[in-house]
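The values are calculated or read from the model by the stated rules, or taken from the named source; none is laboratory data. What you are looking at is a predicted structure, and each value in this text was computed from that prediction instead of being measured. Every residue, glycine among them, receives a Cβ derived from its backbone with ideal geometry; neighbour counts consider all protein chains shown.
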Amino acid sequence: MLKFFDTPPSILSYAAIGGSSEGEGPLGNHFDDINEDEYFGKTTYEQAESELQRQTAALACEKAKLDSSDIDLIIGGDLLNQCVATSFGHRDSATSILGIYSACSTFTEGLLLAGMFCSFGVTQKTLAVTSSHFYSAERQYRMPIEYGGQRAPTTQRTATAAGAVIVTPKEKAPYIRGFKIGRIVDMGVTDAANMGAAMAPAAYDTLSSFFNESGMSPESFDHIVTGDLGQIGSQLLYKLFERDGVDISSRHLDCGCMLYDPERQDVHSGGSGCGCAASVSCAYLLPKLERGEIKNILLAATGALMSPTLTQQGESIPSISHAVWLSHDA
């Protein structure tokens, strides 16, 4: 599904908070806040992620000079079972909430839904927030860090980070000009340690469909940004486009490659997680759009819709990518 807004909604405010590893990366100085305490003042990593998400949402409201009561709807998601980081993070809020899950593509799903609610007059101010936490994700999807298991070179580090945006009807840059809702793509990849290979075909499917259906081209954008394909997935994406005679490498950015320094930090193929695309967007990309330093980006976050149980049963990893056109101009 491809949709352009007749009256593009605005991103009124945005915020990004990261953990210590994110603070040590190339974008560390762009975050609103870096918390060196991986527990965020709590006693478990799951509680920490809920607190991370709560703080990021509250900061987005503070930057917009809004109270929580001014928010009509929260759209939130995370990687944990039953989206508990979201539900526990906002359980004391009196605001209506929709929990969503699209793995690491949850941020763009929340962003496009927030745009729809505001554009269609359902809400005036919608907060979209997503988070992930390295330790809570490792415990759920792989094994506790304390186990000391060897990580494959193709693996990616789940970001301890969150990003939040407040979307409102047309007001100021950045604007949400349109979106492409992706479809599930499954190329039979079964290696849970190589999510980039599983997600690259989904990113290709969504991006190529966007270009074909819209009549736009990669040259229409300053940057084509994927969520967290990492080093390996990004190279696979280039090869998929090369079959069509299209070179996107000069305009492509990947949040998973931008968040960490592969030379100084042990992140293997790069970063991942719901908080990866969310935090890079809110810390680095949206400010550039707001200031007019860049005019248009196509943000296509990618998600591996995997389950530890099904992976252990030998199932493949279906993936999805949702794309959002973000612009300085309406």
- Query: Out of all the residues in region 102-134, which are among the aromatic types (Phe, Trp, Tyr) and at pLDDT below 95?
  - Reply: 120, 134
- In this structure, is residue 16 buried (at least 17 other Cβ atoms within 10 Å of the Cβ) and either part of a helix (DSSP H, G or I) or more than 17 Å from the chain's Cα centre (by Cα) (or both)? no
- Query: Out of region 83-124, which residues are more than 30 Å from residue 2 (Cβ to Cβ) and either assigned to a strand (DSSP E or B) or without any contact (Cβ under 8 Å) to a residue 12 or more places away in the chain (or both)?
  - Reply: 91, 92
- Taking the stated definitions as given, is residue 166 surrounded by 20 or more Cβ atoms within 10 Å (Cβ to Cβ), modelled with pLDDT of 95 or more, touching a Pro at 6+ places or on another chain (Cβ under 9 Å) and not small (Gly, Ala, Ser)? no
- Does residue 289 satisfy the condition of being surrounded by 15 or more Cβ atoms within 10 Å (Cβ to Cβ), touching a helix residue (DSSP H, G or I) at 6+ places or on another chain (Cβ under 8 Å) and part of a helix (DSSP H, G or I)? no
- Please verify whether region 197-207 includes one or more residues that are among the polar types (S, T, N, Q) and buried (at least 24 other Cβ atoms within 10 Å of the Cβ). yes
- Query: Of (1) outside any helix (DSSP H, G or I); (2) crowded, with 20+ Cβ neighbours inside 10 Å; (3) in contact (Cβ under 8 Å) with a residue 60 or more places away in the chain, residue 66 satisfies all except one. Which?
  - Reply: (2)
- Is it the case that residue 31 is within 16 Å of residue 130 (Cβ to Cβ), modelled with pLDDT of 95 or more and out of contact with any Gly (no Cβ under 9 Å at 6 or more places or on another chain)? no
- Message: Given the condition part of a loop (DSSP other than H, G, I, E, B), touching a residue at least 60 places away in the same chain (Cβ under 8 Å), more than 19 Å from the chain's Cα centre (by Cα) and at positive phi, answer yes or no: does some residue in region 310-320 qualify?
- Response: yes
- Task: Would you point out the residue of region 189-231, among those that are among the hydrophobic types (A, V, I, L, M, F, W, C) and over 18 Å from the mean Cα position of the chain (by Cα), that is nearest to residue 178 (Cα to Cα)?
- Result: 210
- Query: Any residue at all in region 172-195 that is assigned to a helix (DSSP H, G or I) and modelled with pLDDT under 90?
  - Reply: yes
- Determine which member of the set 224, 184 is in contact with a strand residue (DSSP E or B) (Cβ under 6 Å, 6 or more places away or on another chain), surrounded by fewer than 21 Cβ atoms within 10 Å (Cβ to Cβ) and of a type in the set (A, V, I, L, M, F, W, C). 184
- Of everything in region 69-80 that's within 20 Å of residue 169 (Cβ to Cβ) and not aliphatic (A, V, I, L, M), which residue is surrounded by the most Cβ atoms within 10 Å (Cβ to Cβ)? 72
- Query: Of all residues in region 236-280 being outside any helix (DSSP H, G or I) and among the acidic types (Asp, Glu), which is surrounded by the most Cβ atoms within 10 Å (Cβ to Cβ)?
  - Reply: 254
- Task: Tell me, please, whether a residue that is under 24 Å from residue 12 (Cα atoms) and of a type outside the set (A, V, I, L, M, F, W, C) can be found in region 255-263.
- Result: no
- Query: If you go through region 35-63, how many residues are β-branched (Val, Ile, Thr) and either surrounded by fewer than 21 Cβ atoms within 10 Å (Cβ to Cβ) or over 17 Å from residue 131 (Cα atoms) (or both)?
  - Reply: 2
